[in-house]
1. Express as a percent, rounded to the nearest 5, the fraction of DSSP beta bridges in the chain (both residues included) that run antiparallel.
2. Springs between alpha-carbon atoms under 10 Å, Gaussian network over the chain: tell me which of 40, 31, 144 tops the mean-square fluctuations.
3. Counting pairs on different chains as well as pairs 8 or more places apart, how many Lys pairs in segment 4-184 have Cα atoms under 22 Å apart?
4. Contour minus end-to-end for residue 152 and residue 183, with contour as 0.36 nm per residue of separation and end-to-end as the Cα-Cα distance?
5. Residue 3 to residue 101: extension gain in nm, 0.36 nm per residue of separation minus the Cα-Cα distance?
6. Could you please state how large a percent of the accessible area of the chain is carbon and sulfur, counting protein chains only and using a 1.4 Å probe?
7. Tell me the label-point distance for the pair residue 13, residue 61, using the 7 Å Cα-to-Cβ offset, in nm and rounded to one decimal.
8. Quick one: Karplus J couplings for segment 107-114, per residue in order, coefficients 6.51, -1.76, 1.60, θ = phi - 60°, nearest Hz, x for Gly and Pro?
Amino acid sequence: MRQLKLAGISGSLRKNSNNTAILRTLKERLPADIELSLVPLDGLPLYSGDLEGPELPAAVAEFKAAVEAADGLVVCSPEYNAGTSGVLKNALDWASRPANASSLKGKHVLIMSSSPGFMGGVRAQAQLRETFASTLSRVVIRPPVVIAGVNDKIKEGRLVDEPNIQFALDAIAALASEIQVDRAC
Ligand code: FNR
């Protein structure tokens, strides 16, 4: 069976980001037939229709190509003021163009979140679900991967909470299985 290629997108640009650390950990723990490549959002300009045209800004073209090349996306978002980060929303707005025929149309997506608080960023997930629905993406429906109290669960740039790691790996396995079923159709 062909190796699955997943793109991991962290909603934080911060060097010591918890969300990036979670994706890094999962990348290292996945089975050999699932590859998770982290796609950085640094350098993406703020969306403006004036920048759209036959030639997109290089960072945007690169980001869209990474999304298109991936069999599925694993998004890990912080929660900022009860929603996702502006950085992630901006990236998804770029990826959502052209409307209804974009890099995101039909794309399988797993949403995860983390937060130092006890809700684990679940409100960011609610907003992301709406955004992905409007881009015609196919979000995995299952109990949400929320990593609460995350500041105590990251050590030396890795998630160390084993139950959280296993729950997230199971969710990625569910994403992989949906992609495989889709391929077989
Ligand atoms: C936050 N944070 C936060 N946390 C939360 O659980 N609910 C919230 O609504 C917010 N709001 C919020 C707004 C802004 C502007 C900032 C900068 C932060 C805290 C946030 O979850 C925390 O800083 C995370 O560590 C950010 O994720 P990374 O950078 O570690 O991946």
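The values are calculated or read from the model by the stated rules, or taken from the named source; none is laboratory data. Every value quoted in this text rests on a predicted model; they were computed, and no experiment measured them. Every residue, glycine among them, receives a Cβ derived from its backbone with ideal geometry; neighbour counts consider all protein chains shown. Heavy atoms of the whole protein, side chains included, go into the accessibility calculation; ligands, DNA and RNA do not. Shrake-Rupley method; radii C 1.70, N 1.55, O 1.52, S 1.80 Å.
1. Details: 3 of 24 bridges.
Bridges in the chain are about 10 percent antiparallel.
2. 31
3. 17
4. Values: separation 31, 0.36 × 31 = 11.16 nm, distance 3.92 nm.
Roughly 7.2 nm would be gained on extension.
5. Values: separation 98, 0.36 × 98 = 35.28 nm, distance 2.58 nm.
The span from residue 3 to residue 101 would gain 32.7 nm if fully extended.
6. Numbers: 4970 of 8990 Å².
About 55 percent, which is the carbon plus sulfur part of the accessible surface.
7. Reported label-point gap for residue 13 and residue 61 is 2.2 nm.
8. Those phi angles translate into 6, 7, 9, 10, 9, 10, 8, 9 Hz.
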